[in-house]
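The values are calculated or read from the model by the stated rules, or taken from the named source; none is laboratory data. These numbers were taken from a predicted model, which means no experiment stands behind them. When we count neighbours, we look across all protein chains shown, and the Cβ atoms used for this are built from the backbone with ideal geometry, even at glycine.
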Amino acid sequence: MEQQHETTPVWVQAWDPAEGSERVRALFADRFGAEPDGTWSAPGRVNLIGEHTDYNGGLCLPFALPHRTYVAVRRTDGDAVRLVSAQETSGVREVALSEVAPGTVSGWPAYVVGVAWALREAGHDVGGFDIAVDSCVPYGAGLSSSAALECAAAVAIDALYGLGLAGTAEQPDDAGRTALAEASIRAENEIAGASTGGMDQAVSLRARSGHALLLDCRDGSTRHVPFDLSAHDLALLVIDTKAEHALVDGQYAARRAACEEAASRLGIATLREIDLDGLGDALAALAHGTGPVGEGRDEVEVLVRRVRHVVTEIARVEEFVALLDDDRVEEVGAPMDASHASLRDDYEVSCRELDVAVEAAREAGALGARMTGGGFGGSAIALVRAGAVDEVAAAVAAAFAAEGLHAPAFLVATASAPAA
Ligand code: GLA
């Protein structure tokens, strides 16, 4: 019985939007003893392909999950932000907006007050508010629970302080949403202290239901690529490995720094300037160029592999999108598999749990599988036949049990709506 219990897949359901709104409204009323002015929400994301390319001015292809973070908010006088979360029992946190600066706010409130701070820095007249937060985006699973919180706060502040940036759900204002995304990125980089690249906030605010978002991080331009797997009898299975993943730790920043170092040695602004044709020359130049005194061959070899990942990964995004444009969805498994290998071997951001998930999914018949998000834990995605979702999930759960790993959790991802 024990064995059977361990291998029965656990599913993470998305709340219906009405349920999510009612939850935060009730939480707000309970903790603040009043009704909020309104409720807002923003999605987590998966990235189909294009990993660790955003901070290199590259391409990525995320879409918005049906799983969202909900906020109930009331505008207040003065500049105090009071925060409560359903995920935390420790009462009301309070932060004075005028005192917010890098390093001053700890924990999850940084993602909320960081957005208000960044909007103020951008010249908007933003003051205090009370906010209650609840979420069905799995936390720490590499599915952008932090961006979902930032972006839900961003659209709430936009509405309450009349900034006029988000537009309506029917007619989103893309330029305004880009500005809200920028404020959310500053919140994460400067107030929460995670040097992430901006993909997560862009998709949470600028996604379109039924589409993946082709995001060009060189100039922030986007294209909405139709992405309806059910029309092809396919589904995207997300496997939350439950392996702890933290972007605030040093590994993510170290990858980013290595890319910047390589670009600087090559005399270019970002690695986006190298294409597949120029890759061989660029790698040779790096290998033979000069680094700091005392640098060994190993350090140079690491830079070579990091650059090779980024440049080939950007090419794989183009390949993936070309297949979608050609209605050859079944063939995107190949670039997915190649992406995982590159992230594992050249970029070294995979881990045992992610590799087990990807291999077990493929063995159970997935057309392709890869880690998604920053890595070092978090989630993997697998492209599977619609009728085989349960079978592949059961096979992955069984593989985790056989390897003595914590039971993973699963969700089925469909391209959903942006923050509203
Ligand atoms: C995290 C970051 C993103 C991006 C991915 C890797 O999700 O938040 O900006 O760099 O990792 O593609």
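Filter region 121-169 down to residues that are within 14 Å of the ligand (Cβ to nearest atom), polar (S, T, N, Q) and surrounded by 24 or more Cβ atoms within 10 Å (Cβ to Cβ) and give me whichever is nearest to ALA26 (Cα to Cα). Restricting to residues being within 14 Å of the ligand (Cβ to nearest atom), polar (S, T, N, Q) and surrounded by 24 or more Cβ atoms within 10 Å (Cβ to Cβ), the top hit is SER146.
Considering region 39-55 alone, what residues qualify as being near the ligand (Cβ under 9 Å from one of its atoms) and farther than 17 Å from ASP240 by Cβ?
We begin by selecting, within region 39-55, every residue near the ligand (Cβ under 9 Å from one of its atoms); these are 45, 47, 50-55.
GLY50, HIS52, THR53, ASP54, TYR55, listed by residue number.
Just one of (1) part of a helix (DSSP H, G or I); (2) in contact with a Gly (Cβ under 7 Å, 6 or more places away or on another chain) fails for VAL81. It is (1).
Of the set (1) touching a residue at least 60 places away in the same chain (Cβ under 8 Å); (2) more than 16 Å from the ligand (Cβ to nearest atom), all apply to ARG218 but (2). Checking PRO66 against (1) within 16 Å of the ligand (Cβ to nearest atom); (2) in a strand (DSSP E or B), which test does it fail? Among (1) within 16 Å of the ligand (Cβ to nearest atom); (2) in a strand (DSSP E or B), PRO66 violates only (1). One residue stands out among those in region 87-127 that are of a type in the set (D, E, K, R) and part of a loop (DSSP other than H, G, I, E, B): the one that is modelled with the highest pLDDT, which is ASP125.
Remark: ALA18 matches the filter, which requires a residue to be under 19 Å from THR168 (Cα atoms), assigned to a helix (DSSP H, G or I) and among the aliphatic types (A, V, I, L, M).
Considering region 183-215, the residues that are part of a loop (DSSP other than H, G, I, E, B) and more than 10 Å from the ligand (Cβ to nearest atom) include one that is nearest to TRP108 (Cα to Cα), namely ALA192.
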